[in-house]
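A.B. asks: My structure is below; once you've seen it, I'll send some questions.
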Amino acid sequence: MSAPSRSFICLRHGATDWNRQGLFQGRTDNPLNDDGIAQAHAAAEKLRAVELTHVVSSPLLRAVQTAEIIAGLASRTVTLDHGLIELDFGSFEGRPVRELMMQHRKNSAQGLVDMLPADSEPWADVASRAVRSVSHWLDRHPGDEILFVCHDAVMQSMAQRLTGNFFKNGHGRPFRFTRTDDVWTVVEVG
């Protein structure tokens, strides 16, 4: 899978109750909590100076709610793209992240990837579908500034595929995936 043709902005949805409880959320379709709504509004303010042409979101409610808040401030509509949906954690869904990591003696992002259960979506598949989705949008809309609202595993898998590394992500924090020649970096916007 080739890399996207140019730079783009990604944003992890605002927080949910399961995020605050430290649970694997994956495809479980939880809404934003009050903190998550505030984070989405803060992200919209951070992105106010960016001339967004399109706001593309994962179909999961927490991402859609975040995208709608940002799109509303930018006078745009939200388009759903299933390629941006969160990783399916399989039998880990709803279980405590920290507890499972301790049980598997893992303490890093790569460790978490390495311990995913057999019934989860393969990590490489997440990166492939997300990069394919982003590339499709960028190629269809050359020159347009597109915001992709998605999830931590989606963003981390793309970062690992493009830069070779994970990065410190947070709820409602926009990041620009920047391409300079064939070198990618991930930098927070604002």
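The values are calculated or read from the model by the stated rules, or taken from the named source; none is laboratory data. Treat the numbers as computed from the prediction; the structure is a model and nothing was measured. Here Cβ is always computed from backbone atoms with ideal geometry, including for glycine, and neighbour counts include all displayed protein chains.
A.B. asks: Cβ-Cβ distance below 9 Å, separation of 6 or more or different chains: which pairs start in region 122-134 with a residue that is touching a residue at least 40 places away in the same chain (Cβ under 8 Å) and end on one that is in a helix (DSSP H, G or I) and surrounded by fewer than 13 Cβ atoms within 10 Å (Cβ to Cβ)?
C.D. replies: From residues that are touching a residue at least 40 places away in the same chain (Cβ under 8 Å), the pairs are 129/82; 133/82.
A.B. asks: Tell me which residues, restricted to region 1-49, are closer than 19 Å to residue 155 by Cβ, aliphatic (A, V, I, L, M) and modelled with pLDDT of 95 or more.
C.D. replies: 9, 11, 15, 23, 32, 40, 42, 43, 44, 47
A.B. asks: While we're here: Restricting attention to region 62-74, report how many residues are at pLDDT 95 or above and either surrounded by fewer than 20 Cβ atoms within 10 Å (Cβ to Cβ) or not polar (S, T, N, Q) (or both). Write out each step before concluding.
C.D. replies: Within region 62-74, the first condition is being at pLDDT 95 or above, and the residues that meet it are 62-72.
After this cut, where a residue has to be either surrounded by fewer than 20 Cβ atoms within 10 Å (Cβ to Cβ) or not polar (S, T, N, Q) (or both) as well, the list is 62-64, 67-72.
Number of matching residues: 9.
A.B. asks: Could you tell me whether region 28-35 includes any residue that is touching a strand residue (DSSP E or B) at 6+ places or on another chain (Cβ under 9 Å) and either touching a residue at least 40 places away in the same chain (Cβ under 8 Å) or among the charged types (D, E, K, R) (or both)?
C.D. replies: So in region 28-35, the residues touching a strand residue (DSSP E or B) at 6+ places or on another chain (Cβ under 9 Å) come out as none.
Taking every residue of region 28-35 in turn, none turns out to be touching a strand residue (DSSP E or B) at 6+ places or on another chain (Cβ under 9 Å) and either touching a residue at least 40 places away in the same chain (Cβ under 8 Å) or among the charged types (D, E, K, R) (or both).
A.B. asks: May I pose another question? Of all residues in region 139-149, how many are over 19 Å from residue 63 (Cβ atoms) and not in a loop (DSSP other than H, G, I, E, B)?
C.D. replies: Count: 2.
A.B. asks: Residues of region 7-35 being under 19 Å from residue 56 (Cβ atoms) and touching a Gly at 6+ places or on another chain (Cβ under 9 Å), which ones?
C.D. replies: Narrowing region 7-35 to residues under 19 Å from residue 56 (Cβ atoms): 7-14, 27, 29, 32.
Correct list: 11, 12, 13, 14, 32.
A.B. asks: Right, something else. Could you tell me whether region 98-116 includes any residue that is crowded, with 19+ Cβ neighbours inside 10 Å and touching an Asp or Glu at 6+ places or on another chain (Cβ under 7 Å)?
C.D. replies: No, because not a single residue in region 98-116 is crowded, with 19+ Cβ neighbours inside 10 Å and touching an Asp or Glu at 6+ places or on another chain (Cβ under 7 Å).
A.B. asks: Run down 114, 182, 139 and say which single residue is more than 18 Å from the chain's Cα centre (by Cα), farther than 25 Å from residue 37 by Cα and modelled with pLDDT under 95. Please lay out each step first, then the result.
C.D. replies: Working: 114 fails: modelled with pLDDT under 95; 139 fails: modelled with pLDDT under 95.
Step by step, each of 114, 182, 139 is checked, and only 182 is more than 18 Å from the chain's Cα centre (by Cα), farther than 25 Å from residue 37 by Cα and modelled with pLDDT under 95.
A.B. asks: Does any residue of region 137-150 turn out to be surrounded by fewer than 21 Cβ atoms within 10 Å (Cβ to Cβ), among the aromatic types (Phe, Trp, Tyr) and either out of contact with any strand residue (DSSP E or B) (no Cβ under 8 Å at 6 or more places or on another chain) or within 22 Å of residue 54 (Cβ to Cβ) (or both)? First the steps, then the outcome.
C.D. replies: We begin by selecting, within region 137-150, every residue surrounded by fewer than 21 Cβ atoms within 10 Å (Cβ to Cβ); these are 137-146.
Narrowing further to those that are among the aromatic types (Phe, Trp, Tyr): 137.
Pick out the ones that are also either out of contact with any strand residue (DSSP E or B) (no Cβ under 8 Å at 6 or more places or on another chain) or within 22 Å of residue 54 (Cβ to Cβ) (or both) and you get 137.
Yes, some residue in region 137-150 is surrounded by fewer than 21 Cβ atoms within 10 Å (Cβ to Cβ), among the aromatic types (Phe, Trp, Tyr) and either out of contact with any strand residue (DSSP E or B) (no Cβ under 8 Å at 6 or more places or on another chain) or within 22 Å of residue 54 (Cβ to Cβ) (or both).
A.B. asks: Separate question: Going through 100, 87 one at a time, which residue ends up being hydrophobic (A, V, I, L, M, F, W, C), within 16 Å of residue 118 (Cα to Cα), out of contact with any Cys (no Cβ under 7 Å at 6 or more places or on another chain) and outside any helix (DSSP H, G or I)? Give the derivation first.
C.D. replies: Details: 100 fails: outside any helix (DSSP H, G or I).
So the residue among 100, 87 that is hydrophobic (A, V, I, L, M, F, W, C), within 16 Å of residue 118 (Cα to Cα), out of contact with any Cys (no Cβ under 7 Å at 6 or more places or on another chain) and outside any helix (DSSP H, G or I) is 87.
A.B. asks: Residues to consider are 15, 40, 3; find the one that is surrounded by 18 or more Cβ atoms within 10 Å (Cβ to Cβ), at negative phi and assigned to a loop (DSSP other than H, G, I, E, B). So that I can check it myself, show each step before the final result.
C.D. replies: Details: 40 fails: assigned to a loop (DSSP other than H, G, I, E, B); 3 fails: surrounded by 18 or more Cβ atoms within 10 Å (Cβ to Cβ).
Unique residue meeting the criteria: 15.
A.B. asks: Find the residue count for region 150-190, including only residues that are part of a helix (DSSP H, G or I) and of a type in the set (Val, Ile, Thr). Before the answer, list the steps.
C.D. replies: At the first step, the residues of region 150-190 found to be part of a helix (DSSP H, G or I) are 152-163.
Adding the requirement that they be of a type in the set (Val, Ile, Thr) leaves 154, 163.
The total comes to 2.
A.B. asks: Could you look through region 118-134, keep only residues that are surrounded by 15 or more Cβ atoms within 10 Å (Cβ to Cβ) and more than 15 Å from the chain's Cα centre (by Cα), and pick out the one that is nearest to residue 162 (Cα to Cα)?
C.D. replies: Of region 118-134, the ones surrounded by 15 or more Cβ atoms within 10 Å (Cβ to Cβ) are 120-121, 123, 126-131, 133-134.
Subset that is more than 15 Å from the chain's Cα centre (by Cα): 120-121.
Numbers: 120: 22, 121: 20 Å.
This residue is 121.
A.B. asks: Residue by residue through region 111-126, note down the ones that are farther than 14 Å from residue 85 by Cβ, part of a helix (DSSP H, G or I) and out of contact with any Leu (no Cβ under 8 Å at 6 or more places or on another chain). Can you show your working first?
C.D. replies: Step one: filter region 111-126 for residues farther than 14 Å from residue 85 by Cβ, giving 111-119, 122-124.
Pick out the ones that are also part of a helix (DSSP H, G or I) and you get 111-114, 123-124.
Those that are farther than 14 Å from residue 85 by Cβ, part of a helix (DSSP H, G or I) and out of contact with any Leu (no Cβ under 8 Å at 6 or more places or on another chain): 111, 112, 113, 114, 124.
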